[in-house]
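Quick notes on the structure that follows.
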Amino acid sequence: MTTNPPSRDAAIKYALGNKWEDAYRENLKLLEENPQDIDTLNRTAYSLMRMGKYRKAKEYYQDVILKDKTNPIALKNLKRLETLSRRSFKKQDANEGVITSIQDVFIEEAGKTRTVDLKNIADKKTLTLLEPGEGVLLVVKRSKIFVQMPDKTFIGMLPDNIGMRMIPFINGGNEYSACIKATEENSVTVFIRETKKAVRFKNQPSFVHVPLATTSTGEDR
């Protein structure tokens, strides 16, 4: 009987699916092949953190720091672990960058949620700090909406058509939360949710689904 070789893509897929035990096991297999790999060590530690095994997660992050003392992911999450050791993992504010369940966070609601690919994204070094489910800020600047980390580090911008629609809602009293849904080498996708609707906008959805243009035969392109 043959078994599939360990795969980085599989480990990331498990994490995106909120399957932390599977992600942990897949990363352990990768570490058996290359125990010095920083990215795999970080993913292993993060899986443990999401499983609530904070002490063991801390050990992996400390191992990363021994190998790379300025590693931003390990340093950031070691700070998180100090907080998590003192209070409940499930009740942290999204803006602190800790989400209980990625699957729960990404539930779609017509008119109230939107998945968005950012424009003018930050450099690759900044993108390496981002993890699925991590809370981010939406900041209105003139006629644009900037997406930032809680420490104000710039990540990217909402496309103009979405930003221009949201700005009047925000200025009028609507409130929104946002978190990282996915990152690639040259792209960042965020998930936005309306969390409070002002009375003046009670009959206006925050987001409108725009159907694809159709061909002369009436079929979607």
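The set of residues in the stretch 122-135 that are of a type in the set (A, V, I, L, M) and more than 8 Å from the chain's Cα centre (by Cα) comprises A122, L127, L129. Counting only helices (runs of 4 or more DSSP H) wholly contained in the stretch 20-81, the ones carrying 1 or more residues that are under 15 Å from D9 (Cα atoms), open to solvent by less than 10 Å² (accessible area, probe 1.4 Å) and touching a residue at least 24 places away in the same chain (Cβ under 8 Å) occupy 20-33, 38-50.
With respect to being under 20 Å from T183 (Cβ atoms) and either surrounded by 13 or more Cβ atoms within 10 Å (Cβ to Cβ) or in contact with a strand residue (DSSP E or B) (Cβ under 7 Å, 6 or more places away or on another chain) (or both), K13 fits the description. Across the stretch 133-184, the number of residues qualifying as among the hydrophobic types (A, V, I, L, M, F, W, C), closer than 30 Å to Y46 by Cα and open to solvent by less than 50 Å² (accessible area, probe 1.4 Å) comes to 15. Quick check on the stretch 149-160. Is at least one of its residues under 22 Å from I73 (Cα atoms) and in contact with a Cys (Cβ under 9 Å, 6 or more places away or on another chain)? For the stretch 149-160, residues under 22 Å from I73 (Cα atoms) and in contact with a Cys (Cβ under 9 Å, 6 or more places away or on another chain): absent. Give A122, A110 a once-over and let me know the one that is surrounded by 15 or more Cβ atoms within 10 Å (Cβ to Cβ), modelled with pLDDT of 85 or more and out of contact with any Gly (no Cβ under 6 Å at 6 or more places or on another chain). On inspection, the qualifying residue turns out to be A122. Just one of the numbered conditions (1) within 19 Å of E108 (Cβ to Cβ); (2) modelled with pLDDT of 85 or more is not true of L212: (2).
The values are calculated or read from the model by the stated rules, or taken from the named source; none is laboratory data. In this text, all values refer to a predicted model and were calculated from it rather than measured experimentally. Neighbour counts run over all protein chains shown; Cβ positions are idealised from the backbone, glycine included. When the accessible area is computed, the model is the full protein with side chains, heavy atoms only, and any ligands, DNA or RNA have been set aside. Shrake-Rupley method; radii C 1.70, N 1.55, O 1.52, S 1.80 Å.
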